[in-house]
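The values are calculated or read from the model by the stated rules, or taken from the named source; none is laboratory data. Only a predicted model underlies this, so the values are computations on that prediction, with no experimental measurement involved. For neighbour counting, all protein chains shown are included, and Cβ atoms are generated from backbone atoms with ideal geometry for every residue, glycine included. These area figures cover heavy atoms from the full protein model, side chains too; ligands, DNA and RNA do not enter into them. Shrake-Rupley method; radii C 1.70, N 1.55, O 1.52, S 1.80 Å.
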Amino acid sequence: AEAETHQLPKKLIAISDIEGNFNGFSSFLKSNKVIDNNYNWIYGDGHLVLVGDFVDRGDNVTQVLWLIYKLEQQAKVNNGKVHFILGNHEIMNFQGKWSYNNRKYPKVAQEVSGLKAWDKATQFLYSKNTELGRWLKTKNVIEKVGDYIFVHAGLSPEILEFELSLSEINEINSENWDYDLYNNPTDDNIANFLIGRKGPIWYRGLAIDYKYYDKINEAELERILTYYKSNKIVIGHTVVNDISTDFDGRVIKIDLKHGKTKNSGKTKGLLIEKGVEYKVDDLGNKEKI
């Protein structure tokens, strides 16, 4: 399993919710000198943080995943790091939920698994029976880099009731993410919470009022950050118009509608360089937040 805590490097780029969009993703990495024209890592000892939902919806899910798989190994050789934080869509595929897939993927899953049912075949494709499945299941749902927490959706103030460490959050998730506890909870209240609507892969309360709860307030956010000894939290999952901050910069929101073509100027992410935060795009533009 991956480590949950890391020192903040001199340079770090984060992006979320690519959803099988290889054109936007690859052009973003090229324009920000993470990879070269041959898709090889050139970011040295920098870190690339992928904040969940890199599967589903798009036409090039496997291309996106295999690129990340390769870059992870190349980064390590150069003392860099790729962090793949799992989102709700990765975990939905662990559970065999195929409805957001391009229909070619359940078909491929049938061929690979030999199973006729799309849900069982999809679950097989994202299980430890395949290399991509085995690899994805080594990943975390939350990590801390320096004073920044990276999590796909967010942290509800109710999580503090369970007094969980980051490692416990990741461990309990990994033990239960194959089960649809969102819709079919068991008698394990902690697992139900972590996989459910207020867990780190689903909770939207750091960004908006949602149908199940109100947006978090400053005091609640402060308690979360204090408990996890962090200053800021970076989230995806809830779409915003641009890379933006809330709560005096303590919440950084990076999920937006990325461009579907290369170098559209619409695919954007977060750069933290020498402790300063910037928004960057797939044209190479860089603007301090």
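Brief remarks follow.
- Scanning the stretch 133-164 for residues that are surrounded by 17 or more Cβ atoms within 10 Å (Cβ to Cβ) and closer than 17 Å to Val61 by Cβ gives Leu136, Lys137, Lys139, His152.
- Residues within the stretch 271-289 that are over 17 Å from Asp45 (Cα atoms) and buried (at least 16 other Cβ atoms within 10 Å of the Cβ), tallied: 7
- Residue in the stretch 257-279 that is farther than 19 Å from Gly146 by Cα and aliphatic (A, V, I, L, M) present: no
- Hits in the stretch 23-39 - residues which are polar (S, T, N, Q) and either in contact with a Leu (Cβ under 8 Å, 6 or more places away or on another chain) or buried (at least 18 other Cβ atoms within 10 Å of the Cβ) (or both): Asn23, Ser26, Ser27, Ser31, Asn32
- Selection within the stretch 99-132: residues that are farther than 20 Å from Val64 by Cα and among the charged types (D, E, K, R). The member of this set that is least open to solvent (accessible area, probe 1.4 Å) is Asp119.
- Exclusive hit being without any contact (Cβ under 8 Å) to a residue 40 or more places away in the chain, over 18 Å from the mean Cα position of the chain (by Cα) and within 20 Å of Asn170 (Cα to Cα), set Lys76, Lys128, Lys107, Lys120: Lys128
- Pairing each residue of the stretch 138-167 that is closer than 18 Å to Leu86 by Cα with any residue that is aromatic (Phe, Trp, Tyr) and surrounded by fewer than 23 Cβ atoms within 10 Å (Cβ to Cβ), provided the two are 6+ apart or on different chains, yields C-beta distances under 7 Å for Lys144/Tyr228; Ile149/Tyr228; Ala153/Trp202; Leu166/Tyr228.
- The residue that is farthest from Thr130 (Cα to Cα), among those in the stretch 83-115 that are assigned to a helix (DSSP H, G or I) and among the hydroxyl-bearing types (Ser, Thr, Tyr), is Tyr105.
To keep it simple, each residue is scored yes or no on (1) open to solvent by 60 Å² or more (accessible area, probe 1.4 Å); (2) over 19 Å from the mean Cα position of the chain (by Cα); (3) within 25 Å of Asn93 (Cβ to Cβ).
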residue: Trp177; (1), (2), (3): no, no, yes
residue: Thr186; (1), (2), (3): yes, yes, yes
residue: Lys198; (1), (2), (3): no, no, yes
residue: Thr226; (1), (2), (3): yes, yes, no
residue: Asn241; (1), (2), (3): yes, no, no
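- Scan of the stretch 165-192 for residues that are more than 20 Å from Val151 (Cβ to Cβ) and β-branched (Val, Ile, Thr), ordered by number: Thr186
- Of the criteria (1) open to solvent by less than 10 Å² (accessible area, probe 1.4 Å); (2) in contact with a strand residue (DSSP E or B) (Cβ under 7 Å, 6 or more places away or on another chain), which one Asn78 fails: (1)
- Residue that is nearest to the chain's Cα centre (by Cα), among those in the stretch 228-239 that are of a type in the set (Val, Ile, Thr) and open to solvent by less than 50 Å² (accessible area, probe 1.4 Å): Ile235
- Pair list, Cβ under 7 Å, 6 or more apart: the stretch 1-18 residue at pLDDT 95 or above, other residue in a loop (DSSP other than H, G, I, E, B) and among the aromatic types (Phe, Trp, Tyr): Ile18/Phe54
- Only residues that are open to solvent by 10 Å² or more (accessible area, probe 1.4 Å) and on the phi > 0 side of the Ramachandran plot were counted in the stretch 47-75, giving 1.
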